[in-house]
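Heads up, the thing below is written out as structure tokens.
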Amino acid sequence: MITAIRLKIGEVRRQTGVAVGALRYYESLALIHSERGDNGYRYYPQETVRQVQFIKKAQTLGFSLEEIREILNIHQQGDIPCEWVQSLLQDKIEQLDHQIQQMITFKSELEHYRDRWATNQPRPQTDDICPLIATVSL
């Protein structure tokens, strides 16, 4: 009889570099699964190491834990989630493009204030905290 390799949480931590608290959190989100031994310890199947490594890689691409759970669920149902992953990635790229445009606009506004303040120092009023900021319109 062949017994499946079961790992304690500390061994999963050692092999993945992921903190025990994070592993417990992943388990609470159903990203990974364990079984309790008679001694009360959590035991993880060997595949957990691969799953945790996948989770960390997916996070580096900006995927949320909720998105990662959906990817893992698709995989566990026997499907390959790559098409869905590409769609998510495209959405992330579009969100970043929008954020970049907002940041460029904001940077331009800040440069405008900087340049205006460099040439035109407003006189402080009695109740002004900073006369420069007081000139900013809301």
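The values are calculated or read from the model by the stated rules, or taken from the named source; none is laboratory data. Since we're looking at a predicted model, the values are computed, not measured. Cβ atoms come from the backbone with ideal geometry, glycine included; neighbour counts cover every protein chain shown.
What the table shows:
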quantity: Residues of the range 104-131 classified as of a type in the set (A, V, I, L, M, F, W, C), assigned to a loop (DSSP other than H, G, I, E, B) and surrounded by 10 or more Cβ atoms within 10 Å (Cβ to Cβ), total; calculated: 1
quantity: Enumeration of residues in the range 76-92 that are β-branched (Val, Ile, Thr) and surrounded by fewer than 10 Cβ atoms within 10 Å (Cβ to Cβ); calculated: 80
quantity: Conditions (1) within 14 Å of the chain's Cα centre (by Cα); (2) closer than 15 Å to residue 8 by Cα; number of the one not met by residue 33; calculated: (1)
quantity: Any hit, the range 28-39, residues being assigned by TED's automatic domain parsing to the domain that holds residue 76 and assigned to a helix (DSSP H, G or I); calculated: yes
quantity: Criterion (in contact (Cβ under 8 Å) with a residue 40 or more places away in the chain, buried (at least 18 other Cβ atoms within 10 Å of the Cβ), out of contact with any Pro (no Cβ under 6 Å at 6 or more places or on another chain) and part of a helix (DSSP H, G or I)) met by exactly one of 7, 23, 72; calculated: 72
quantity: The lone exception for residue 113 - which of (1) assigned by TED's automatic domain parsing to the domain that holds residue 19; (2) over 19 Å from the mean Cα position of the chain (by Cα); (3) of a type outside the set (A, V, I, L, M, F, W, C) it fails; calculated: (1)
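Listed here are the residues, each with its yes/no results for (1) over 15 Å from the mean Cα position of the chain (by Cα); (2) at pLDDT below 95; (3) part of a helix (DSSP H, G or I).
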{"site": "59", "(1), (2), (3)": "no, no, yes"}
{"site": "63", "(1), (2), (3)": "no, no, no"}
{"site": "67", "(1), (2), (3)": "no, no, yes"}
{"site": "86", "(1), (2), (3)": "yes, no, yes"}
{"site": "89", "(1), (2), (3)": "no, no, yes"}
{"site": "95", "(1), (2), (3)": "no, no, yes"}
{"site": "98", "(1), (2), (3)": "yes, no, yes"}
